[in-house]
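Take a look at the structure below.
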Amino acid sequence: MAGASWYDAAWGKRLAIAVDLTAGGSGPTTADVQITVPTDSDEFWGLVQADGDDVRVCSSDGKTLETYQLGSWTYASRLGVIDVDNAALEDGKMNVLYVYYGNAAAADGAGSFTPASAKTGYVELGCPAYPEIRARPELPGATTPRAVAFKAVEDETFVWWDVTDLLIKRCADYAKAGMLEGVDYVKNYQVLNGGTPVASTTDLDETRFIEHAGRAYVMVLTKGGADGTDYTLELQVVTTEGRTLNLRALLKVRDVDES
């Protein structure tokens, strides 16, 4: 897997959770979180214990346990709501948590609390599709981004940013895994024209996080634009090591026709 450290080698799987605080202010905060596991996640429901005893929730570093409880749990009908108590997050941003599962020998680790004004945590089950951008440094002397994506004016498309190769790896494994650094939160995503953000082209609250085939992705919604115009996509990610990654790609908006 790619991204932040792994909690424990005895746990085989995890879900990357996008926690939506985009309507808030700015700066560090704490908040309760409510996560609904999709009923059509066959992998989760096929591997989790029937009583949910192997569920664990960790912070964005992948290994620090959060206090959680199973707010609702009916295994037979795949109803699973996980509450998280007082998680340390970044206000005004889209944050990351992880839900671990897949340890048949685990005992119950849940706490007990009453959630208050819980923020929503989202699970994304989709795999990367076009356009997929592999984030990497620009070439020396470059004046435009080397990654290029295309869309039509009316297209509302998700751009999948593969950030794996920019994240720090461990020199020696921890919990039988080699990753060290992951995404802490998305600081900003914008579409620029002449250096000016075009606000109508993005929705930060649609941002999601995915781990697939050993790689880590940030999925962001991109829409609109003017036909025949080139834009710069800018994704700003803050990592669990406190680094800010400022990623860019070229977006060409073209409505093709017979002429």
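Sort out which residues of region 2-19 are within 17 Å of the chain's Cα centre (by Cα) and farther than 19 Å from Thr240 by Cβ, and write them in order of number.
Selection gives Lys13 alone.
Yes or no: region 159-171 includes at least one residue that is farther than 27 Å from Ala4 by Cβ and under 23 Å from the mean Cα position of the chain (by Cα). The answer is no, given that none of the residues of region 159-171 is farther than 27 Å from Ala4 by Cβ and under 23 Å from the mean Cα position of the chain (by Cα).
Across region 90-105, the qualifying residues are those that are closer than 20 Å to Asp42 by Cα and touching a Phe, Trp or Tyr at 6+ places or on another chain (Cβ under 8 Å), and the one among them that is surrounded by the most Cβ atoms within 10 Å (Cβ to Cβ) is Tyr98.
Of the residues screened, Gly225 is one that is out of contact with any Asp or Glu (no Cβ under 7 Å at 6 or more places or on another chain), assigned by TED's automatic domain parsing to the domain that holds Thr144 and farther than 24 Å from Cys127 by Cβ. Which of the residues that make up region 64-81 are in contact with a Phe, Trp or Tyr (Cβ under 6 Å, 6 or more places away or on another chain) and either buried (at least 18 other Cβ atoms within 10 Å of the Cβ) or outside the structural domain of Ser112 (by TED's automatic domain parsing) (or both)? Within region 64-81, just Gly80 meets the criteria. Being of a type outside the set (A, V, I, L, M, F, W, C) and under 27 Å from Lys223 (Cβ atoms) holds for only one residue in Tyr122, Tyr100, Tyr75, Tyr68, and it is Tyr122. Residue pairs whose Cβ atoms lie under 9 Å apart, separated by 6 or more positions or on different chains, with the first residue in region 4-15 and under 13 Å from Leu65 (Cβ atoms) and the second crowded, with 22+ Cβ neighbours inside 10 Å and of a type in the set (Asp, Glu), are Ser5/Glu181; Trp11/Asp54.
For the structure I just gave you, tell me whether Thr143 is surrounded by fewer than 12 Cβ atoms within 10 Å (Cβ to Cβ), in a loop (DSSP other than H, G, I, E, B), at pLDDT 95 or above and of a type in the set (Val, Ile, Thr). Spelling it out, it is not the case that Thr143 is surrounded by fewer than 12 Cβ atoms within 10 Å (Cβ to Cβ), in a loop (DSSP other than H, G, I, E, B), at pLDDT 95 or above and of a type in the set (Val, Ile, Thr).
Within region 206-248, the set of residues being among the aliphatic types (A, V, I, L, M) and crowded, with 21+ Cβ neighbours inside 10 Å comprises Ile210, Ala216, Val218, Val220, Leu233, Leu235, Val237, Leu247.
Quick one: which residue in Gly25, Gly3 is over 18 Å from Ile82 (Cβ atoms) and buried (at least 16 other Cβ atoms within 10 Å of the Cβ)?
It is Gly3.
Every residue, every condition in (1) outside any strand (DSSP E or B); (2) at pLDDT 95 or above; (3) small (Gly, Ala, Ser), yes or no:
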position: Ala9; (1), (2), (3): yes, yes, yes
position: Ile35; (1), (2), (3): no, yes, no
position: Asp51; (1), (2), (3): yes, yes, no
position: Asp85; (1), (2), (3): no, yes, no
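Taken as a whole, the structure places Asn86 among residues that are at positive phi and either surrounded by 18 or more Cβ atoms within 10 Å (Cβ to Cβ) or without any contact (Cβ under 8 Å) to a residue 60 or more places away in the chain (or both).
The values are calculated or read from the model by the stated rules, or taken from the named source; none is laboratory data. Treat the numbers as computed from the prediction; the structure is a model and nothing was measured. As a convention, Cβ positions derive from the backbone with ideal geometry for all residues, glycine included, and neighbour counts pool all protein chains shown.
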